[in-house]
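Structure, as structure tokens:
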Amino acid sequence: MQTIPILVYGSGGFGREVAWLAEECSVGQTRYPVCAFVDDDDSTHGVDVNEIPVMGWDAATRAFPDARMIAAVGSPQVRAGIVARSAWATSRLVHPSVLHSRFVEIGEGTVICARTVLTTNIVLGRHVQINLSCTIGHDVVMGDYSTLAPGAHISGWVHMGARVYVGTGAVILPGTPGAPLVIGDDAVIGAGAVVRASVEPGTTMVGVPAKPTRAR
Ligand SMILES: CC(C)(COP(=O)(O)OP(=O)(O)OC[C@H]1O[C@@H](n2cnc3c(N)ncnc32)[C@H](O)[C@@H]1OP(=O)(O)O)[C@@H](O)C(=O)NCCC(=O)NCCS
């Protein structure tokens, strides 16, 4: 039996969901006990949230130097900042209900929530976050720190850069074998959007079909 103690950074809504995910991943030969939530907000320290203590960064470093830290924050940019200042190692957490072929690479620190399906020839970078019930088709690349909110659907031949955020229920239509649909670094896709063509870095796209917010 292997035990991997987990610190969940962030005691808010998604933090509590990641604590549940860690519990759900504790099947077979590996256990992921959550030793604490780490939170920068002093007013949260010293209380328990869902029976897990909340503590500050310094106290958690002293108490659990060997734990693995999961940054449970939806914003890719905030998550990247947290990981950059952390000395903790990290861990992948993949819910046992997730379906994927053996041709899926999953980077360190990446979290995949329940009921997601990933098919084949997919590369997920480091600290990617895939929320509940997403689908990811063949030949997709997701760059480091990218986020899919619940129910996002990514078709085949889509290449996402780093720190891309895709909102709840958004749909990315397919690219082609020689010309993947490319979503540039730091782009944001609004909830419910349908993206039909490549997206420039840093652009926010909303609506059906998706258009840049400034152009509306
Ligand atoms: C796209 C998004 C990031 C834009 O946020 P924002 O930069 O604060 O933009 P604003 O709210 O100022 O909206 C800008 C314009 O886009 C429109 N808009 C915003 N989000 C939209 C959406 N999802 N679909 C369609 N239009 C949208 C607004 O109505 C507004 O239009 P207007 O200029 O004609 O008035 C945000 O609305 C969104 O969809 N976030 C995803 C949230 C999510 O999925 N969370 C999951 C949590 S688990």
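Every read-out reported here was derived from the displayed coordinates using simple, explicitly stated rules and does not represent laboratory data. Source: prediction; values computed, not measured. A quick note on method: Cβ atoms are made from the backbone with ideal geometry, for glycine too, and the neighbour counts reach across all protein chains shown.
Using the average count of surrounding beta-carbon atoms within 10 Å as a protection proxy, the listed peptides 120-129, 40-49, 163-172 rank, highest first, as 163-172, 120-129, 40-49. Full extension of the chain between Ser75 and Glu200 gives 43.1 nm of extra length, using 0.36 nm per residue less the Cα-Cα distance.
As an equivalent ellipsoid, region 1-90 spans semi-axes of 19, 14, 14 angstrom, where each value is the square root of five times an eigenvalue of the C-alpha gyration tensor, largest first. When the Cα centres of region 113-177 and region 40-62 are compared, how far apart do they sit, in Å? So the two Cα centres are separated by 32 Å.
Annotation: Cα Rg of region 67-120 relative to the compact-globule expectation 2.2 N^0.38 Å equals 1.25.
Taking label points 7 Å from Cα along the Cα-to-Cβ direction, Phe103 and Arg115 give a separation of 2.8 nm. In order along region 185-191, phi translates into HN-Hα couplings of 3, 6, 6, 10, 10, x, 4 Hz, rounded to whole numbers, per the Karplus curve 6.51 cos²θ - 1.76 cosθ + 1.60 with θ = phi - 60° and x for Gly and Pro.
The percentage of C-alpha pairs in the chain whose separation is greater than 20 Å is 56%.
Most simply put, region 93-206 has about 0% antiparallel DSSP beta bridges, counting only bridges with both residues inside it.
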